[in-house]
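**Q** Would you mind keeping the following structure in view while I ask a few things?
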Amino acid sequence: MSETPGPAGPLTALKLDERLRDTRLFLAQALRTFHATGAIAPSSRALADALARYIHVRPDPDRPMNILEVGAGTGAVTRGIAAAMRPGDTVDLVEANPEFAAHLEGLLKTDSELSVIADGASVHAKPIGEMGTDRRYDAIVSGLPFANFTSEEVGEIVDHYFAVLRPGGTLSFYGYLYTKEVRAVIARRSDYLRQARTSWLVQDLVDRYGIRSEKILANLPPAWVHHLRRPATVPPPRAR
Ligand SMILES: C[S@@+](CC[C@H](N)C(=O)[O-])C[C@H]1O[C@@H](n2cnc3c(N)ncnc32)[C@H](O)[C@@H]1O
């Protein structure tokens, strides 16, 4: 079993056209609602492949995986997940922005890389907090812009992830490099302190449950990816 995610394949004229369409929609939504979107462009393929690492590298190659992607946007990371999926796998794509969710539904029918997983994929046009906790997942890939949220909001989201992640399952998420340093210079003091508290919470999670962290320079802006593994038991939310 290889530790290296597979290649994305050549960027054909069709794929280029699909990416340009995604980028236009992403930018329009980022301008409209930057707090929730948290980026100005979709993630790069390098970042998508890194986030899908523990779907490529699976504990039991014969057992299908149930995957949750949160904040799927225009499907940039979903393509990395799709490339790692095997027959029998399922993926729930959760996206709070209705424009993005409708776009994702369309991509599952038309996109050259996403239509291949359409049978096992479901789009949920709602915030993750409204998803309920009935389903269980082997891997969660989170694209939510934690740096824009309060530590209480991030804590609630992570509690939800741990509630639906099977013991031994992985949570992979990313953030941009140097956001705290940039905010220290350009943000209001209250916003800087809010983000500092959020990054302490994220660092504490990484210290407790982290199995691997990697820097992805081939992304705009460059990013770090953290992978956590859920232990058999996790402390109750308030103790974290
Ligand atoms: C940084 S973008 C990532 C988009 C895409 N995964 C990518 O990497 O290009 C964050 C996405 O999370 C979505 N989002 C924000 N808050 C959310 C929530 N509570 N539940 C589900 N999606 C949310 C936004 O609408 C946006 O599409």
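Each reported figure results from applying straightforward, stated rules to the coordinates on display, with no laboratory input. Just so we're clear, the structure is a prediction, and the values are computed from it rather than from any experiment. Backbone-built Cβ (ideal geometry, glycine too); neighbour counts: all protein chains shown.
**Q** How do 137-145, 51-59, 70-78, 226-234 rank on mean C-beta neighbours within 10 Å, highest first? Let's see the in-between values first.
**A** Numbers: 137-145: 23.8, 51-59: 21.1, 70-78: 26.4, 226-234: 15.9.
With the highest mean Cβ count within 10 Å placed first, the list reads 70-78, 137-145, 51-59, 226-234.
**Q** Jot down the radius of gyration and Dmax of the range 1-118, Cα atoms only, both in angstrom.
**A** Rg and Dmax of the range 1-118, Cα atoms, are 14.2, 44 Å.
**Q** Decide, for the range 13-230, between rounded, prolate and oblate: order the square roots of the alpha carbon gyration tensor eigenvalues as a ≥ b ≥ c, take rounded if a/c falls under 1.5, and otherwise choose prolate if a/b is larger than b/c, else oblate.
**A** On the way: a/c = 1.60, a/b = 1.17, b/c = 1.36.
Note, shape of the range 13-230 comes out oblate.
**Q** I would also like to ask the following. Under 8 Å for C-alpha pairs, at least 6 residues apart: give me the relative contact order for the chain, rounded to a whole percent. List each step's numbers first, then the result.
**A** Numbers: 404 pairs, mean separation 44.8, N = 240.
Computed value for the chain: 19 percent relative contact order.
**Q** Could you give the dipole magnitude of the range 109-240 about its Cα centre, charging the beta-carbon of Lys and Arg +1 and that of Asp and Glu -1, in debye to the nearest 20? Kindly include the intermediate steps, with their values, before the conclusion.
**A** Details: 18 positive and 15 negative charges, 82 e Å.
I would put it at about 400 debye.
**Q** Between E214 and T33, what is the FRET efficiency for a Förster distance of 30 Å, r being their Cβ-Cβ separation, to the nearest 0.05?
**A** Numbers: r = 29 Å, r/R0 = 0.96.
Once rounded, the FRET efficiency stands at 0.55.
**Q** From the mean inverse distance of alpha carbon pairs (Kirkwood) and the Cα radius of gyration, derive Rg over Rh for the range 51-117. Please report the intermediate quantities before stating the final value.
**A** Details: Rg = 11.8 Å, Rh = 12.2 Å.
Result for the range 51-117 is an Rg/Rh of 0.97.
**Q** Next question, about the same structure. Number of Lys-Lys pairs in the chain under 28 Å by Cα, sequence gap 8 or more or different chains? Intermediate results must be reported in sequence, preceding the final value.
**A** Details: K15/K109; K15/K126; K15/K215; K109/K126; K180/K215.
Lysine pairs meeting both conditions in the chain amount to 5.
**Q** What is the packing order of peptides 186-195, 84-93, taking the mean over residues of other C-beta atoms within 10 Å and listing the highest first?
**A** On the way: 186-195: 12.9, 84-93: 18.7.
Descending mean neighbour count gives 84-93, 186-195.
**Q** In the chain, which helices (entire DSSP H runs) extend 27 Å or more along their own long axis, judged by Cα positions, while averaging at least -0.5 on the Kyte-Doolittle scale?
**A** Membrane-span-like by this criterion, though nothing is claimed about a membrane: 13-32.
**Q** For the pair R21 and A118, how long in nm is the line joining their label points, each one 7 Å along Cα→Cβ?
**A** Distance between the two pseudo-spin positions: 1.3 nm.
**Q** Mind listing which trypsin sites (Lys or Arg not before Pro) in the range 89-141 are in a DSSP loop and have 12 or fewer other Cβ atoms within 10 Å?
**A** Values: sites: K109, R135, R136; in loops: R135, R136.
Loop-located and lightly packed - R135.
**Q** In the range 114-214, what is the volume of the convex hull around the alpha carbon atoms, normalised per residue and reported in Å³?
**A** 141 Å³
**Q** Let me ask something else. For R188 and Q203 in the same chain, what is the full-extension length gain: residue separation times 0.36 nm, less their Cα-Cα distance, in nm? Let's see the in-between values first.
**A** Numbers: separation 15, 0.36 × 15 = 5.40 nm, distance 2.24 nm.
Fully extending the segment from R188 to Q203 adds 3.2 nm.
**Q** Right, something else. With both bridge residues required to lie in the chain, what share of the DSSP beta bridges run antiparallel, to the nearest 5%? Each step should come with its number before you reach the end.
**A** Numbers: 13 of 31 bridges.
Around 40 percent antiparallel, to the nearest 5.
**Q** Let me know the charge dipole size of the chain about its Cα centre in debye, to the nearest 20, where only the beta-carbon of Lys, Arg (+1) and Asp, Glu (-1) is charged. Walk me through the numbers before you get to the answer.
**A** On the way: 29 positive and 28 negative charges, 130 e Å.
Approximately 620 debye in magnitude.
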